[in-house]
Amino acid sequence: MLDAVLIHQCADPTLKPAIVTQFIAKAGSQDPLAVTVRSGNRVVLVPKPTTPEEALALIRDNLGGNTVRVGITQYPAGLGIVEAGQLKPDMVEPCENICMGTTLCAKVFRIVSKWYGNPTAKEVLPQVMDDAVLAWQTGYFEGVAVFRAEDPGQEGNARSETAGSEKSEKDIDPTKDGSAAESAIDTVASDPNKAGIRIDLSGIGARP
């Protein structure tokens, strides 16, 4: 069982701790140095690393023709990396791995939830969770490569920004400054370190 404090400090804040715990239990690992290598549907047997250096060396050796997942969240190690030398050592650091993994996982949840019509009924949310976990494990949902797909949360943000830009100065309340404006969402959807708009997943993991 992961330390609740670690989850609170490191996980993406758009996901409730109960969801993070379920996600890691279903799709992750309790071992921060865990490296899983797959060639197609076949799991490749690799030596178990005992140090971060060994884990990184194992990842470098297997990137390219294989699918490599790493750490507590089983983060897709090759995402956004052109050369093995671009790998960052903190990929196997527990807090950073949870941060990267849950941020990317939150985007996957948004993609799956949008396909379901962004449901709020508690009886539907477990299915969303299961499909999101499967999408995380395979990298695909309904034919969409979820890790590289556009974050659907950004679509609403883009529309809001467009609508806001069409306002004339006379429509702006002069008593309000920009300090209360919502933060802009990063436009690089493929960056696993950026989060999009929050969605309500509070029903997942809740007791009936």
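The values are calculated or read from the model by the stated rules, or taken from the named source; none is laboratory data. These numbers were taken from a predicted model, which means no experiment stands behind them. For neighbour counting, all protein chains shown are included, and Cβ atoms are generated from backbone atoms with ideal geometry for every residue, glycine included.
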Selected residue [in a loop (DSSP other than H, G, I, E, B) and either touching a His at 6+ places or on another chain (Cβ under 8 Å) or modelled with pLDDT of 95 or more (or both)] from 72, 98: 72
When you go through (1) farther than 23 Å from residue 131 by Cα; (2) not in a loop (DSSP other than H, G, I, E, B) one by one for residue 36, which number turns out not to apply? (1)
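I'd like the full set of residues that are among the small types (Gly, Ala, Ser) and either touching a Pro at 6+ places or on another chain (Cβ under 8 Å) or at pLDDT below 90 (or both), limited to the range 1-29. Please lay out each step first, then the result.
So in the range 1-29, the residues among the small types (Gly, Ala, Ser) come out as 4, 11, 18, 25, 27-29.
Across the range 1-29, the qualifying residues are 4, 11.
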Is at least one residue of the range 29-52 surrounded by 19 or more Cβ atoms within 10 Å (Cβ to Cβ) and over 28 Å from residue 3 (Cβ atoms)? no
Looking at the range 83-92, is at least one residue modelled with pLDDT of 95 or more, β-branched (Val, Ile, Thr), crowded, with 18+ Cβ neighbours inside 10 Å and in contact with a Pro (Cβ under 6 Å, 6 or more places away or on another chain)? no
If I filter the range 11-22 down to residues being of a type outside the set (Val, Ile, Thr) and touching a Ser or Thr at 6+ places or on another chain (Cβ under 8 Å), which single residue comes out as farthest from residue 90 (Cα to Cα)? 16
